[in-house]
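The values are calculated or read from the model by the stated rules, or taken from the named source; none is laboratory data. All figures in this text were calculated on a predicted structure; none of them were measured in a lab. Because the Cβ atoms are built from the backbone with ideal geometry, glycine has one as well, and the counts that use them run over all protein chains shown.
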């Protein structure tokens, strides 16, 4: 098969050699010349052609063995010294190395994402047990505290929603539905879902005048607002949570314990809980990370300012280019 493939590769040379012999044979025949010189010339050129083809086949055979060896090692990764003779083969070798590097990079990203998912769901499975266990204890009481049960149900629902949003994030932007929404409507949705938290902790909520619209995804932005409001309630013992609008920026401000300066640059990192999270014992360090990832997917921005002991401000910059709206 290898010889057949090599001869097929040299088919143009064989064709022109046969055409050359036929042409000269026709000339000798038409001119009435003796055939011995013609036969001698044909035999001599055929011999030289055979030598050339044999030498070329040895090089072709060696090259094929190198390619087979490269293919057998492809699963372990391509080396930097790929067999390449012609300029065309060098280009192919360069393209293969580029593809291999891209494959390795994609595998590293996938492995990292799988590891993050494994750690997240392991943590989530432990976190979801807390509100479920609390509900079980409350249900055993003769007169269950309805407000406390609603609070634990809300916590469980938030954990489930966070898992769903995590899966949507892993699925890329296919879940995004970008439309123009009323900013006040989106904020009211988030406030309604987190209202039991404010009631249970007896915290005041002030909502300033909210005007205008924003091009975003309703589910994703409402989830971000829920996470921010939940954190504001969690780390505020007394006082007020305020929601204000300044142009295209939405600000959520609390009067809570604040964030230490050394923790502030890392609050959006995956799994980072900081001093407050370690004190709380129930912080996962995932909520704010998801918020930043979602805001980036939506082409929005999120940033924090905080003073320990005085509170935290979360700024959501919702300005973006108005492109095709579904």
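From the list 250, 225, the one residue that fits, being buried (at least 20 other Cβ atoms within 10 Å of the Cβ) and closer than 14 Å to residue 193 by Cβ, is 225. Could you tell me how many of the residues in the stretch 190-210 are touching a helix residue (DSSP H, G or I) at 6+ places or on another chain (Cβ under 7 Å) and part of a loop (DSSP other than H, G, I, E, B)? Total meeting the criteria: 2.
This table checks each residue for (1) more than 25 Å from residue 169 (Cα to Cα); (2) in the same structural domain as residue 196 (by TED's automatic domain parsing); (3) touching a helix residue (DSSP H, G or I) at 6+ places or on another chain (Cβ under 8 Å).
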{"site": "99", "(1), (2), (3)": "yes, no, no"}
{"site": "102", "(1), (2), (3)": "no, no, no"}
{"site": "105", "(1), (2), (3)": "no, no, no"}
{"site": "109", "(1), (2), (3)": "no, no, no"}
{"site": "128", "(1), (2), (3)": "no, no, yes"}
{"site": "132", "(1), (2), (3)": "yes, no, yes"}
{"site": "136", "(1), (2), (3)": "yes, no, no"}
{"site": "143", "(1), (2), (3)": "yes, no, no"}
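Consider the stretch 122-155 and keep the residues that are closer than 19 Å to residue 198 by Cβ and under 31 Å from the mean Cα position of the chain (by Cα). The one that is surrounded by the most Cβ atoms within 10 Å (Cβ to Cβ) is 155.
In the stretch 153-171, is there at least one residue being in a loop (DSSP other than H, G, I, E, B) and within 30 Å of residue 114 (Cβ to Cβ)? Yes, because at least one residue in the stretch 153-171 is in a loop (DSSP other than H, G, I, E, B) and within 30 Å of residue 114 (Cβ to Cβ).
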